[in-house]
Amino acid sequence: MRQQFQIALYLLPALLLVTVFFAIPLVAIIALSATAWVGIGVPRFVGLGNFLTLFSDPAFLLAIRNTMVWVVVGAFIHTPLCVLVALVVARKPPGWKIFRTVLFLPNIISGTALALLWYFVFHVSLGILNGGLAAVGLKSLARNWLFDPDTALAATLTPWIVYVGFGMVLFLTQISTIPQEYYEAAKIDGASTFRQDWSITIPLIRRAIALQLIFVVGYALRSFEYPFIMTSGGPANSSITLSLYIYRQMITAHQYGLAMAAGLITILIGVVFVAGVFWALRRAER
Amino acid sequence: MSVAAHIFRWVVLTVFTAITLVPLLWLLLSAFKTNTELFASPFGLPAHWSFNNFVNAWNAHPLYLYMRNSLGAAALSAAIIIVASLMASYALLHQFRLNRTTFGYLMFGILLPVNALMTPIFFIVVFLNLYNSVVGLSLVYAGLFFPLGFLVIKTYMDTTPEAILEAARLDGAGFHDIFFRIIVPLTAPGAVTAGIFLFITAFNELLFASILTTDTDAQTMQVGVRYFLTTYAANYPLAFAATVIGIAPTVVVYILLSDRIVEAMTAGSIK
């Protein structure tokens, strides 16, 4: 009995943190998503009104579409690049540790600074991109990337696509657990490096790939700094994301009920995607 | 390995290294230029290596306050998470009825996109009377990043040999004695790993820092750096210098401890 009390005592700080910052907000978001509330007074029950408002708001629909683009681009462009670089680094070419350290560097720099950095990469007159295009005689392709509705979303996605460090390390960690004998046997059979990677390494890192996809979904649903700093979600909401939409409803419009309804939809999208990844992994394990 | 494969490998490494480093070097070089120089030759070397921009940036906005708040919030939140995680992981080493349920409850937040919770968390902080304070921000970080730190620390603590605990119990050591004399020292390396990672994560956070603070007394580096773009739009090099100052702490820590940090930031996830 005494020990049970002691166990409870030791659990208390952790339980408090999780209850105050995850459980209560989650319950609040579910309850208050059905209300209209401007921050003072009593929230007024509006049923599904917020959801109807959201789904008839073009900005919200664009936010959902763009967040989906973040997920798709993360899964089908960013992740394969992470795998590619991991496969190269895993072969331990000269200086591989330096490459690993450099490629991981963006993960310890704030999203704010990186977004600012890429704002200037795409800058119309100072940017490396337009400068580089001019240098190779393709000046006609230069444009105002961040203020063009056709390119703003792609520009905000670019840093995320090319910073492969985190996924690379994730895959390297799992590659290092693969027994060396597999590769030696394959070499004796005359399999090329590419063949070894394709038939041995990639199937054996499927768990890490599943994990990476869960991170991709999480990151896409949290994507905020790049659109916020590079484009403010513009022009004409063409690069807005769900996080930025919630931020705007809350900070600019003070529509708290609406912001919570948008938050709830964000969470539901996350649940569906994560469940999908687990389901796919289950099938692959069979 | 064929020549083509060899060339391909080096192309991949070179391209990704260049994409990572070139913009950063551009930022660093530009932070030394004057505004006129920047627009005249955006890709050249600065004419003079002067630290004027850094000095001016430091004086233009209270960067030292932003830095103090960022370091404070990062350190305090990491400390809270480490203490709470050590205690909870120790509690979960014991058998009791709701053991697995408790673990699940403590971890469920790791799968939530936390930005979706920004609205209720804002009101909780206001309700606790902690709006616009470094302590409030630290508590929010401690809550949001708790599952990440907890996972690393629990995984590490779970490798403690049961025999050591048995021996201590036979010697008559009590519940608290075992925690302070055996568990905490043995789990210290795991706690340090988690601490470094949590510190960097909290230091770099922008969204919650910007919705939970309004005064320079509580605002962080990430929030402050943005002012240089909005209020000094005409003077980019000043904004660059402020950004360089803002990323310096984590980059310095990374240069000193890169292997450990790479391990720390992926350790919890792979297990």
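Every read-out reported here was derived from the displayed coordinates using simple, explicitly stated rules and does not represent laboratory data. This is a predicted model, so every value here is computed, not measured. Cβ sites come from the backbone with ideal geometry, for glycine too, and all protein chains shown count toward neighbours.
Taking the alpha carbon gyration tensor of the protein assembly as shown, multiplying each eigenvalue by 5 and rooting it gives semi-axes of 37, 32, 25 Å, largest first.
In chain B, which whole DSSP H runs stretch at least 24 Å along their own axis (Cα) and average -1.0 or higher on the Kyte-Doolittle scale? Don't skip to the answer; put the middle values down first.
On the way: long enough: B:3-30 (39 Å, 1.91); B:63-92 (43 Å, 1.44); B:134-157 (30 Å, 1.73); B:184-203 (27 Å, 1.73); B:236-270 (41 Å, 1.39).
Once both thresholds are applied, what remains is B:3-30, B:63-92, B:134-157, B:184-203, B:236-270.
Rank B:M67, B:V251, B:I183 by how far each Cα sits towards the positive end of the charge dipole of region B:56-270 (+1 on Lys, Arg Cβ; -1 on Asp, Glu Cβ) and give me just the farthest. Comparing the listed Cα positions along the dipole, B:M67 ranks first. Kirkwood hydrodynamic radius computed over region B:56-270 comes to 19.0 Å, based on all pairs of distinct alpha carbons. Each label was represented as a point 7 Å from its Cα along the Cα-to-Cβ direction; for B:T36 and B:R181 these points are 7.4 nm apart. Annotation: the residues A:L213, A:L48, sorted from fewest to most other C-beta atoms within 10 Å of their own C-beta, follow the order A:L48, A:L213.
May I ask you to list the trypsin sites (Lys or Arg not before Pro) in region B:63-147 that are in a DSSP loop and have at most 16 other Cβ atoms within 10 Å of their Cβ?
For trypsin sites (Lys or Arg not before Pro) across region B:63-147 that sit outside H, G, I, E and B with at most 16 neighbouring Cβ atoms in 10 Å, the list reads B:R97.
Sorting B:S210, A:S232, A:S33 by the number of Cβ atoms found within 10 Å of their own Cβ, with the fewest placed first, yields A:S232, B:S210, A:S33. Each Cα pair under 8 Å and six or more residues apart adds its separation to the average, and for chain B the resulting relative contact order is 32 percent. Distance between the modelled labels on B:R100 and A:R91, one decimal in nanometres: 4.5 nm (7 Å Cα→Cβ projection). The mean number of partner chain beta-carbon atoms within 10 angstrom of a residue's beta-carbon across peptide B:203-212 is 4.
About its Cα centre, region A:1-102 has a charge dipole of approximately 560 debye under the convention of +1 per Lys or Arg Cβ and -1 per Asp or Glu Cβ, with nothing else charged.
Were the residues from B:W10 through B:V22 laid out at 0.36 nm apart, the gain over their Cα-Cα distance would be 2.6 nm.
In this calculation the C-beta distance from B:T155 to B:Y64 is compared with R0 = 30 Å, giving a FRET efficiency of 0.20.
Answer rounded, prolate or oblate for chain A, using the Cα gyration tensor with square roots of eigenvalues a ≥ b ≥ c: rounded when a/c is under 1.5, else prolate when a/b is larger than b/c, else oblate.
Numbers: a/c = 2.17, a/b = 1.23, b/c = 1.77.
It is oblate, given that a/c is not under 1.5 and a/b is not larger than b/c.
Considering every residue in A:112-125, what mean count of other chain Cβ atoms within 10 Å of its Cβ is obtained? Spell out each step's value before the answer.
On the way: counts 16, 15, 5, 2, 12, 7, 1, 1, 10, 5, 0, 2, 0, 3.
Taking the mean over all residues of the peptide, I get 6.
Distance between the modelled labels on A:Q4 and B:N56, one decimal in nanometres: 6.9 nm (7 Å Cα→Cβ projection).
For region A:6-22, the residues whose amide N sits under 12 Å from a probe point set 7 Å from the Cα of B:F127 along the beta carbon direction are A:20-22. Each of B:W10, B:W58 was scored by other Cβ atoms within 10 Å of its Cβ. Listed from fewest to most, they are B:W10, B:W58.
For peptide A:261-268, what's the mean number of Cβ atoms from other chains within 10 Å of each residue's Cβ? Mind dumping the intermediate values first?
Working: counts 1, 2, 7, 2, 1, 5, 6, 1.
Mean number of neighbouring Cβ atoms from other chains: 3.
Think of region A:131-286 as having a plus end and a minus end, set by charges on the Cβ of Lys, Arg, Asp and Glu; of A:G190, A:I175, A:Y245, A:Y245 sits farthest toward the positive end of this dipole.
With +1 assigned to the C-beta of every Lys and Arg and -1 to the C-beta of every Asp and Glu, and no other charges, what is the dipole magnitude of the protein assembly as shown about the Cα centre in debye, to the nearest 20?
On the way: 29 positive and 20 negative charges, 130 e Å.
I would put it at about 620 debye.
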